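A short write-up of the structure that comes next.
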Amino acid sequence: RLNPMKPKVLLTEPIPNNLSQELAENVELTIGKRGFYNNEQNLVDDIAEFDGLISMLSNPVSSSVIKTGKNLKIIANYAVGYNNIDVHVASKLGVKVANTPDVLTESTADGIMALLLATARNIPQADRFVRDKLFNGWDPSGFLGMNLSGKTLGVVGLGRIGQAVSKRAKAFGMKTVYLNRNRLDKELERKLGVKYVPNFNDLASTCDILCLTCPLTDETHHLVNANTFKVMKSTSILINGARGPVVNEKDLVEALSNKSISAAGLDVYEFEPRLEEGLRELENCVLLPHIASATTEARSSMGELSTGAILTILTGKQYPCNFIN
């Protein structure tokens, strides 16, 4: 541009530790209200004036949004996943897309492990019991849970996060079996102490805890459904730390209601933030508001990578970032 005006960037909603000094100096930043840009039409209406977009996973950055963004050069997703973005159209139109891998691996694995423990040991239910003044002394039958030591963890998606979860499970004395799009090499399997199971139903029927850490794709959409619950052990637990639509939530409600499986721990939901009817009322389900990666450190690093991608494209200087196209 002949006129040295600052490029315009839309950050769709406030994020913690969001503004680096470099970003403030190099771009004109607009910050949306929380949830406003979860509406696709709102993005379509506003995107044309912006050179860069920092989007949340909840923002539908569709082909219509990208095509309307005539000045758009970079979409930086404040997440590891990017199923909310039409990457094919972005690539076709020369718009770079970035995400935030690695920096939230450990925090997400911690969060998934916390969800697993809370579900296996009935922690939220027991907490409510005490708060409701129902605790009247030690009860040998009270809130009986599952020993993790000696149990089998079945992980679907043994990428960065899945591997980090398997390491934590190993420390608890668990065995890990896994299913992945591509099998890991034998040396890495040996190092992690994991066993490959090529068939999903075999994995689901074998494990005591089925843990989802896979991306959402056409192949994984509704991967877990009524047929899965039929082959799982009645004592088994489902943990979803992946994406909501990997599980058919209606089938899950039925399975939990009729005790086809013992319990479930969910951090994500099929129609997020809406829950399938009946799910909220189930006592054998632990429900978290999509917080597996919610640590101060992870959010700060996600902000650095997102703004780094914006600055790399809009200033021509190199900043820490990760492009997927």
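The values are calculated or read from the model by the stated rules, or taken from the named source; none is laboratory data. This one's a predicted model, so the numbers in the text were calculated from it and none came from an experiment. Cβ placement follows ideal geometry from the backbone for every residue including glycine, while neighbour counts extend to all protein chains displayed. Ligands, DNA and RNA are stripped out before the accessible areas are found, and what is left, the full protein with its side chains, is counted by its heavy atoms. Shrake-Rupley method; radii C 1.70, N 1.55, O 1.52, S 1.80 Å.
Tell me, what is the percent relative contact order of the chain, built from C-alpha pairs under 8 Å that lie six or more residues apart? This gives 19 percent for the chain. Averaging the Cα positions of each part gives two centres, and for the range 10-80 and the range 94-119 these lie 21 Å apart. Just need the relative contact order of the range 282-325 here, percent rounded to a whole number, with Cα pairs under 8 Å and 6+ apart. Relative contact order of the range 282-325: 26 percent.
Per-residue extension of 0.36 nm, minus the Cα-Cα distance of K33 and T296, leaves a gain of 92.6 nm for this segment. Beta bridges assigned by DSSP with both partners in the chain are antiparallel in approximately 5 percent of cases. Taking the Cα centroid of the range 164-195 and of the range 311-325, what is the distance between the two, rounded to the nearest whole Å? Between the Cα centres of the range 164-195 and the range 311-325 lies a distance of 33 Å.
Quick one: among S20, S300, S58, which has the greatest mean-square fluctuation in a GNM of the chain with alpha-carbon springs under 10 angstrom? The residue that fluctuates most here is S20.
Our estimate of slack between V130 and N227, defined as 0.36 nm per intervening residue step minus the Cα-Cα distance, is 31.2 nm.
With respect to the chain, whose longest principal axis is taken over its alpha-carbon atoms, helix 296-315 is tilted by about 30°. Taking DSSP loops as anything outside H, G, I, E and B, show the longest stretch in the chain free of GluC sites (Glu not before Pro) there with at most 13 other beta carbons within 10 Å. That would be 1-218. Basic side chains Lys and Arg get +1 at the Cβ, acidic Asp and Glu get -1 at the Cβ, and with that the dipole of the range 231-294 about its Cα centre reaches some 200 debye. Taking chymotrypsin sites (Phe, Trp or Tyr not before Pro) as exposed when their DSSP state is a loop state and no more than 12 other Cβ atoms lie within 10 Å, the longest site-free interval of the chain runs over 144-325. Separation of the alpha carbons by more than 18 angstrom is noted, of K175/K233; K67/K96; K73/K96; K170/K230; K186/K233, for K170/K230; K186/K233. Between D102 and D202, the FRET efficiency from the beta-carbon distance, with R0 = 25 Å, is close to 0.20. Charge dipole (Cα centre; +1 on Lys/Arg Cβ, -1 on Asp/Glu Cβ; no other charges) of the range 111-266 amounts to roughly 480 debye.
The mean sequence distance of close C-alpha pairs (under 8 Å, at least 6 residues apart), as a share of the length of the range 198-243, puts its relative contact order at 58 percent. Calculated accessible area for the range 192-297 comes out at 46 Å² per residue, all protein chains present (probe 1.4 Å; ligands, DNA, RNA ignored). Taking other residues whose beta carbon is less than 11 angstrom from the beta carbon of S63, and scoring Lys, Arg as +1 and Asp, Glu as -1, yields 0.
Using θ = phi - 60° in the Karplus curve 6.51 cos²θ - 1.76 cosθ + 1.60, the 3J(HN,Hα) couplings for the range 121-127 round to 10, 6, 5, x, 5, 5, 4 Hz; x is entered for Gly and Pro.
Within the accessible surface of the range 284-325, defined with a 1.4 Å probe on protein heavy atoms only, the carbon and sulfur portion equals 54 percent. Relative to the Cα centre, the charge distribution of the range 15-102, modelled as +1 at Lys and Arg Cβ and -1 at Asp and Glu Cβ, gives a dipole magnitude of about 260 debye. Report the FRET efficiency, 1/(1 + (r/R0)^6), for K186 and L287, where r is their Cβ-Cβ distance and R0 is 45 Å, rounded to 0.05. With a Förster radius of 45 Å, E is 0.70.
Projecting the Cα positions of L287, T307, L252 onto the charge dipole of the chain (unit charges on Cβ atoms of Lys, Arg, Asp and Glu, taken about the Cα centre) puts T307 furthest along the positive direction. As a fraction of the 1.4 Å probe accessible area of the range 146-258, surface on carbon and sulfur atoms comes out at 48 percent. Excluding ligands, DNA and RNA, the accessible surface per residue across the range 96-158 is 52 Å² with a 1.4 Å probe. Counting charges near H290 (Lys, Arg +1; Asp, Glu -1) among other residues having Cβ under 9 Å from its Cβ returns a value of -2. Helical runs (DSSP H, four residues minimum) scored at -39500 (n - 2.57) apiece and divided by the length of the chain put the mean residue ellipticity at 222 nm at -9500 deg cm²/dmol. Model label sites at K170 and I123, defined 7 Å from Cα along the beta-carbon direction, differ in position by 2.3 nm. Here the accessible area is traced with a 1.4 Å probe on the protein chains. For the range 25-83, carbon and sulfur cover 45 percent of it.
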